[in-house]
Amino acid sequence: MAAGIDPRALMSFRAVALHGSFAAAARELGWTQPALSSQVSRLEEGLGVTLVTRTVKGVQLTEAGERLLHHAEAIDGHLARALREVTGLADDTARTVRVVAFPSACTSIVAPAMSELSARADGRDSITIELEQQEPFAVPELLRRGDADIALVFRYDGEPPQELDAELAVTPIGWDPLQLIVSQRRGTPGVQRRTLLEHRRDRWVAGCPACRQHFLRISEREGFVPDIRHATDDYMVVQELVARDMSVSVVPRLSLLSYRHPGIRAYGLEEGDGRQLMIVHARDEARAEVRDVAAALQRAAARVLDPIEGQTAG
């Protein structure tokens with residue numbers, strides 16, 4: 001640890017920052033509040049900066065505090081990964097990998113990968129996967145804190161790349177094209193594609209915030225402002241509304257794989273309208289089980305996603 005930063009004081013500061021007050025952090029750590037306050041004061045004195053300001057509602061981080069918290073989270077994540085790696089060496093049964101993924105990837109990619117790994121296991125080499133459903137915006141923080149080992153995220157075409165830490169490695173694994181869905185009654189058999197402009201006078205149901213923003217971008221490109229009447233990130237609800245002819249919608253193809261309402265029809269949009277899926281994990285991740293899970297996720301993704309232009313299967 002660098003001179004001027006005491007590891008115990010750094011973790012004390014992290015606890016205060018995360019809990020929002022000295023009192024709450026002291027209760028969580030089982031310390032007295034004066035002892036915790038002394039630790040943070042020593043850290044501030046050693047660095048020569050103020051890290052937190054006390055308010056009637058708790059604490060507020062200074063700019064220096066925000067920057068230090070980022071490093072404290074990364075260090076805590078390194079320690080968590082080190083603990084799991086060393087524990088795994090000492091106990092062959094402790095091969096646990098924490099995976100986070102968004103809903104449609106959980107059902108169409110993560111679950112098949114888990115099933116494959118389970119079928120291949122011979123007892124000694126078995127890997128336990130703990131799955132948590134999360135949207136992509138939450139992933140960097142979970143990986144940084146060591147609360148996740150590997151994640152599946154997506155980014156829509158034309159969307160600014162999410163700012164990720166230099167410590168995180170990103171591997172593109174495939175392309176998920178968008179589909180326009182309408183009720184069976186309004187569908188046209190034999191037609192493969194439709195334009196959004198054909199439905200400019202319809203009512204729409206929009207999905208998650210990122211999905212909604214991308215839909216607004218492509219509808220603007222086609223020259224109309226959609227009449228969005230409903231909003232839900234539950235694709236079963238989206239399909240039910242569409243099947244009952246209450247609205248039309250644009251959804252990722254992946255969302256139609258695990259459940260597809262018999263009352264809808266799906267059409268392709270323009271080439272390039274879709275989202276790229278990626279695997280993210282800590283760049284210094286060295287555990288063999290994490291690599292095995294990443295490989296299984298890539299194999300499962302290759303079965304349901306389109307290849308990314310210019311990327312060869314491997």
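Could you tell me which of the residues Ala15, Ala25, Ala35 is hydrophobic (A, V, I, L, M, F, W, C) and either without any contact (Cβ under 8 Å) to a residue 12 or more places away in the chain or not assigned by TED's automatic domain parsing to the domain that holds Gly65 (or both)?
Exactly one of Ala15, Ala25, Ala35 is hydrophobic (A, V, I, L, M, F, W, C) and either without any contact (Cβ under 8 Å) to a residue 12 or more places away in the chain or not assigned by TED's automatic domain parsing to the domain that holds Gly65 (or both), namely Ala35.
Of a type in the set (D, E, K, R) and closer than 26 Å to Leu143 by Cβ - does that describe any residue in segment 53-65? Steps first, answer last, please.
Within segment 53-65, the first condition is being of a type in the set (D, E, K, R), and the residues that meet it are 54, 57, 63.
Pick out the ones that are also closer than 26 Å to Leu143 by Cβ and you get 63.
The answer is yes; a qualifying residue exists.
Do we have any residue at all in segment 133-150 that's more than 30 Å from Ile264 (Cα to Cα), in a strand (DSSP E or B) and of a type outside the set (A, V, I, L, M)?
No, there is no match, as no residue in segment 133-150 is more than 30 Å from Ile264 (Cα to Cα), in a strand (DSSP E or B) and of a type outside the set (A, V, I, L, M).
Test of understanding: among Leu10, Leu36, which residue is part of a helix (DSSP H, G or I) and under 29 Å from the mean Cα position of the chain (by Cα)?
Exactly one of Leu10, Leu36 is part of a helix (DSSP H, G or I) and under 29 Å from the mean Cα position of the chain (by Cα), namely Leu10.
For the condition assigned to a loop (DSSP other than H, G, I, E, B) and not hydroxyl-bearing (Ser, Thr, Tyr), what is the one hit in Val250, Val191? Break it down stepwise before answering.
Details: Val250 fails: assigned to a loop (DSSP other than H, G, I, E, B).
Just a single option satisfies the conditions, and that option is Val191.
Return the pair list, or none, for Cβ contacts closer than 8 Å from residues in segment 290-314 that are surrounded by fewer than 14 Cβ atoms within 10 Å (Cβ to Cβ) to residues that are at pLDDT below 95 and aliphatic (A, V, I, L, M), at least 6 apart or on different chains.
Matching pairs, first to second residue: Pro307/Ala313.
Which numbered condition in (1) touching a residue at least 60 places away in the same chain (Cβ under 8 Å); (2) closer than 30 Å to Ala15 by Cα is the only one that Ala148 fails?
Result: Ala148 fails condition (1) only.
The values are calculated or read from the model by the stated rules, or taken from the named source; none is laboratory data. This is a predicted model, so every value here is computed, not measured. Using ideal geometry, Cβ is built from the backbone for each residue, glycine included, and neighbour counts are taken over all protein chains shown.
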